[in-house]
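The values are calculated or read from the model by the stated rules, or taken from the named source; none is laboratory data. The structure displayed is predicted, hence computed values, not measured ones. Neighbour counts are summed over all protein chains in view; Cβ atoms, including those assigned to glycine, are modelled from backbone coordinates with ideal geometry. For the accessible areas, the whole protein counts, side chains as well, though only heavy atoms, and no ligand, DNA or RNA atoms are used. Shrake-Rupley method; radii C 1.70, N 1.55, O 1.52, S 1.80 Å.
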Amino acid sequence: SSFSLDISHLLACIFKELYTADVIGKDVLANLEKSKGGEDTYLMNYVEELKKVTYNQSVMEFMNCHSPIYCITKLKMEKTAPKKPSWYRSRIQEEEELAKYEEKKNFLKNPRSLPPNVQGGGKSLIIPKMKVEKMVSGRRFPGEGGMVAPGMSCQYTVRFIPDCLADFEDFILIETQAPFPLIVPIEARRPPPILTLPRVLDCGYCLVGGVKFTEFLCRNEGLSPGRFCIMSKKQWPAANFRSVATPGFVEKPPFALGPFFFELLPGEATLLEVSVTFCFCLTCSGELVALQLTSITGGEDSPYPEEITDLSANHFVRFEPLNPHSVARKTIVIHNATHLELPFCWRIVKPNLKPVMPNEVLDLANLEYTLATETAFDISPNLGALAPHQDNEFTLSFCPLELQDYHVVCHLLLRDIPESVKEGNGCNSSINDVVVMEIEVKGPTEPFKVLLEPYAILIPGENFVCTTLKKHFKMWNNSRSFITFHWDRICDCHILEVQPPTGVIEANECCDLELAITGGKPGKRSFSLQCHIEHDPDPVILHVEAAFKVGYLDGLGLMKLGESALSTITIYNVSQLVANWSMKETPAEGHEDFCDKVKINPSNGTLPPLGSCNIAVFFQPKSCQHFETVLELEVERGTGFHLAIQGDVQLPQVCLQTCELVFSELYVGVPAQGSVKLFNQTLLPATYTWGELEGQQSCYCSAVVHNPNGTLGPNEEREIKVEFLTYTEEELTDIALVCSVNGMEKPLVLGIYAKASGLRVSYSIPCSSSLPQSTSESNNKEEILEFGEVSFNTPVKRQLVITNLTAISAAFLVEAEYFSGRPPSPPIQSAGASRTGLQGATFFVHPYRGTIGPFQKQTIDIFPFANMWGDYQDMLVCKVFVTWPSVYFFCRFGSHISGGDTVSRALRINNTSPYDIRLDWQTFNQERGDMKLLDLLISFGEPFPRKDVDGNEIIGGDLDSVECENPSWDWNKLPSTTDTNSSRNADSVSNYENEEPKQIKVVSVNLRPHEGISSDYPFCITPQQIIVPAKGNATVHVSFTPLTLTEVNKVECVGYALGFMSLERKILTESISTRNLKLKNSTTTPLVFRLLAPGPFSIAQMNPKGGMKTSQSEREEGKHLLLEPSHNMQVKVEFHNSFALLTYQNQPKDLLPPGVQLIQYENGERKLQFEQQLTVEYSNKSTQFIPLCAHLALPTLHISSHTLDFGICFVGQTKILDVFLSNRGRSNSYWTAILGNMNRVKKKQMLPYQTFKTAN
């Protein structure tokens, strides 16, 4: 076999003459025959003898193979052939004798002469010896006597019958007549079966008292089959498998394995099942349930003193008061400390509020619980599995529906938990649901708090009938959640309505409303206008009082240039006859130039009996003037009258009483206060706004204007305070503050002049002359601190005085240059020489460091200590330097009454950068006794996500999606036709490729120094998220709501706000869609080409994968490209979507550019289809075209009615008809409603796709 050892070298050593003799074959004999000639008679005789031997061997071989045929032939020859000679007969006899001898002896050649690949070849003479059931059989030659003739061989068969799976080694000893025996080594190997079982079967973890089944795949990867039996270690070794066989599983508590017996062929596999049963008596094998409530949003609460709580709950959570139908959520984190996945479910029950007597022992195991069917609490996920060794988050929601206090207990149940019971030597377990955690939850509810400011509107004097009066008021939402309101409308003879009639107000915010009242008849009237709050049964009532009369138009009053005045005159026909009338303008005497400045509509008409008519008088001045005119009413066959009109047209005019602000005493880094006065020179209210510092030196300083914007009343003078801060000692002369006044062409400019002083200090020694010195100048005169003779351990003190001559706070550091040391605290006489160190002396300085305030003095004590006599001298080095403080801007609200109205301040934020910046505001309260140092901030997703106008997070983060209430369209995912998606199998072009998605950060963790507690009460900034445009400004409102105090006390509220800045992209007026195109050169020659794309398509970018370069001839032009054979390049093709493309939807079909087509579907949807071709122009002027196609969805607006018929309307009556506008396209659209030729915009709003809006 292939595993036999080669022992030919051993045989060659023993049978050297026989085993290594040359074999004479046909080739050797032929060569000798050719070379036998010559005088060598021995060679000739030797060749003849060899020929005879060869002939005899051929005859024997022929007779062995053809003996039957030969016999038949012989019989036939005896019958027909003539008699042969005697020599022939003797030859036949010799051949027969040789054949008999061959059959008897079974002549075999020595296997050494045979090749190894033939049967019987490559073997040697073997006489085996018995060992480990090896058997020698099938002996062929020699005979019983063991004789082997020269040149002969013998062969034996050796059988291998192992009794175990092991490797065997042995040898066969052959004894011959030679002096030494022949040793033949024997090796036998049987490859054992190999099982894929680990040394340790890890069954994982299981709860105590539970049963766990685990399957392990067992495969025979050996080359031999095997039978396997599982038995206990005590039963090994076993005589046979039957003696240890057990039905079912082999038990080794707490384990049981099965099957106990199996047989596997090579490559076969079976499943080995292991069951584990942990009893409660096992201390280290099983897992006990270990859950821990890690954290709760806002922290775990504690019951109030004498507050009734649940008897068995071990955690307490309290929600802040909520309004009905509002939602509050808290996150509960529970840690599973076991190695097992624990199935769970939540159960919400009513609390056990049984009173407990003193010294009473409660039986918590027998408490009865009642499920809370009607509750405002919910916890999610409600069921599932707790991951092993992980924190599991749950969201506890509180959504009250009624005005009451809610109180429940949330039970965390673990499903199918085993409970072990020990019985005798074993244990039994039962599967039950176990309550492992009880969380008591309370949540109060409070009503909505809505306040009208003012709560009543009293319209003074008498107003004309049929004249619409408008009054502004505010509605404050002091509730804890937003409110949705709806105002009623009064439509009797008088008309009262509020604009907007519906809306949403966020918590602690207000809404500006407008009351429009139109009198229907003369007299005084009181009204109660109701506003209904959603989920609130009690309406909010606005009291209105007004008096109406029938009168005449006295005048237009004071007007601002650029504004217009519209007045209505009502004329009545008090007779029973039809009256024809006309009205015209008759200028007053001396004011003929003002004729035709007033527009009257209608200027004439007919009044039915007892009828009336409204006449609109419109006046829009063109210049500042005093206006007077007369309106004359003429009645056919009746009596008319004259109506005088007067008006004053002016522009706001504001001036600065001083145009320069000089800061005489100013220090670097120290803010200084200054003030200027604004004066309104007219009777018109003037709105002003202060801007930022301007000028070439504005970068070296900053200025804050208190109350930077406001309105000046008629002839009002107002003082404006300016806080100025500079960071340089240079003289500032090119700085100005600009104040813009609404209505004035030129702004007001306030020049600022300042020269700041730097830090200056002086040093002095008491009882000696003082030497002033600046920190930047050298000291020409030395000051000497003379200590005289100092005894050992005898303290002597000298002093140095440092004086700060400026208002700049500075830090100082004083120490000796060589004999320096840190003094004890405080320095005492016993400090002695123990602190002198190796120098022998030390000068202690106390204090050696600190801060000198503005215009303060600091006394420094110097103590010398020495433990070795001698004369010591040193230099005392004094360092004084500036520590710049942080600059904060303060907003002071003053003193207010407890529970008073909210006070608001406007703050303008300027953005001088070229990019839009988004600000996310957070307000914090600073409380006494707050010892917290750090805040750990964990953000999931974006730390400051984009929010809509209601404060809700925008999923997707697109500003466009905020306005359209729909996610923005992805231009890379526009619907495409079959042509645009199909691949182009050209020689140089392959299919498109998509871009890789952008990675998103999921979790962000930050550490921030703790300086306050985050809260929006009593300070709040609205809006909390604002975008300040590039090179522009935005306004936020900082509000303060006074605290409601239960006792008469004075409380100081201190807080601060942080604005977190983020770069915000601009809303693009042009969008670009990109597709990737791969160009591949499949030819064997380089290709020189250029790409041409007609508009609105363009080539954005080319990304070579190798071998792309500009050609030598076209390199200067930069137009042609060179693509090497078998190389490719990536090309980005862009489609530019702009407003200019929308003009094609209104053009006739024959005027559309080539490739542009307007497609309209049956449902009304419209699209613009752009089909062009990307041209690949090669250097030989041949071209290849690649189709380009893009679809642009168009807004398709549909109106429910094209005609509005109001029917018959009475004078002073208002009718409302609803019109529904829908967008049936796939593109968002802005729409505007315009009434007639008045060019007044009534509604402007963004209409989302497939939604309906109501236009008023």
Quiz prompt | 1.4 Å probe accessible area per residue over the stretch 264-419, in Å² | solution = 55 Å²
Quiz item: Check A290: other-chain or 5+ apart residues with amide H under 5 Å from its amide H, H built from backbone geometry?
Solution: A337, T338
Quiz item: If we sort 622-633, 347-358, 854-865 on the protection proxy, mean other Cβ atoms within 10 Å, highest first, what's the order?
Solution: 854-865, 622-633, 347-358
Practice problem: State the percentage of accessible surface on the stretch 610-746 attributable to carbon and sulfur atoms; use a 1.4 Å probe and exclude ligands, DNA and RNA. | Solution: 46 percent
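Quick one: ranking D935, D871, D948, D378 by accessible area, 1.4 Å probe, largest first, what do you get?
Details: D935 15, D871 160, D948 45, D378 85 Å².
Reading off the accessible areas and sorting them downward yields D871, D378, D948, D935.
Ranked from highest to lowest mean number of other Cβ atoms within 10 Å per residue, what is the order of the peptides 166-175, 207-216?
Working: 166-175: 13.8, 207-216: 16.9.
Ranked from most to least packed, the peptides come out as 207-216, 166-175.
Applying a 10 Å radius around every beta-carbon, put 251-258, 147-154 in order of their mean neighbour count, most first. All intermediate terms of the calculation are to be shown ahead of the outcome.
On the way: 251-258: 15.8, 147-154: 13.9.
Ranked by mean Cβ neighbours within 10 Å, highest first: 251-258, 147-154.
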Self-check item: Built amide H within the under 5 Å cut-off of S612, gap 5+
Solution: N573
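Over its Cα atoms, what ratio of radius of gyration to 2.2 N^0.38 Å does the stretch 616-726 give? Each step should come with its number before you reach the end.
Details: Rg = 24.0 Å, N = 111, 2.2 N^0.38 = 13.2 Å.
Computed over Cα atoms of the stretch 616-726, the ratio equals 1.82.
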Quiz item: With θ set to phi - 60° and the Karplus curve 6.51 cos²θ - 1.76 cosθ + 1.60, what are the ³J(HN,Hα) couplings of the stretch 486-501 in order, to the nearest whole Hz, using x for Gly and Pro?
Solution: 8, 8, 6, 10, 9, 9, 8, 5, 9, 10, 10, 8, 10, 10, x, x
Quiz prompt | Alpha-carbon Rg with Dmax, taken over the stretch 353-398, Å | solution = 16.5, 42
Quiz item: If you keep only loop residues by DSSP, which GluC sites (Glu not before Pro) in the stretch 332-416 have at most 12 other Cβ atoms within 10 Å of their Cβ?
Solution: E360, E368, E374, E402
Practice problem: Could you run the Karplus curve 6.51 cos²θ - 1.76 cosθ + 1.60 with θ = phi - 60° over the stretch 893-900 and give me ³J(HN,Hα) per residue in whole Hz, x for Gly and Pro? | Solution: 9, x, 9, 9, 7, 4, x, x
